[in-house]
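See structure below.
The values are calculated or read from the model by the stated rules, or taken from the named source; none is laboratory data. Given the structure is predicted, the values throughout are model-derived calculations rather than measurements. Quick reminder, even Gly has a Cβ in these numbers, built from the backbone with ideal geometry, and neighbours come from all protein chains shown. In case anyone asks, the SASA skips ligands and DNA or RNA and just uses the protein heavy atoms, side chains included. Shrake-Rupley method; radii C 1.70, N 1.55, O 1.52, S 1.80 Å.
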Amino acid sequence: MSEKLIFIIHSLNMTEDSIQFENQIHQKCYIPGRDTNQNQHGDDILKDNFKAMKDSDENVFCLWDGESYGSLFDMGMAYALGKRIIPISYVSNDKHWKRFFKQKVEDGDSIKFEEGKVNEKN
């Protein structure tokens, strides 16, 4: 049985940061900005991301700029699929999302969290 890909939710402008994170963890990842055809209709992008996420590891990582609606859809899909969302980078002043991501870390996720940075595992 092959190892499942790790899905990385990310803002499209953070594709390179996601690839950098993939290189840091030395595991093959599904990175939508690289692996999903971004030139197709938005519904098809969501369907492709959903299929990839459904087939991915139970842990998904998230790099979010605080503005990407596609990332919000992906986080909602991850939540609905029972995936564990592990924040890597979050750049926003929105207090509600900031509290959500900080709670994820306080609940025992093994990633050090700092706004605006990609961090390696502790």
Given the conditions (1) at pLDDT below 85; (2) under 15 Å from the mean Cα position of the chain (by Cα); (3) on the phi > 0 side of the Ramachandran plot, and given that GLY108 satisfies all but one, which numbered condition is not satisfied?
(2)
Could you go through the range 4-22 and let me know if any residue there is in a loop (DSSP other than H, G, I, E, B), at pLDDT below 90 and not polar (S, T, N, Q).
yes
Any residue in the range 5-29 that is of a type in the set (D, E, K, R) sitting within a Cβ distance under 6 Å of a residue that is not in a helix (DSSP H, G or I)? List the pairs, counting only those 6 or more apart or interchain.
ASP17/LEU63; ASP17/VAL118; GLU22/CYS29; LYS28/LEU5
If a residue must be open to solvent by 30 Å² or more (accessible area, probe 1.4 Å), charged (D, E, K, R) and part of a helix (DSSP H, G or I), how many such residues does the range 45-84 contain?
4
I need every pair where a residue in the range 79-93 that is among the hydroxyl-bearing types (Ser, Thr, Tyr) has its Cβ under 6 Å from the Cβ of a residue that is surrounded by 14 or more Cβ atoms within 10 Å (Cβ to Cβ) and modelled with pLDDT of 75 or more, sequence separation at least 6 or different chains.
SER89/LEU63; TYR90/TRP64; SER92/GLY66
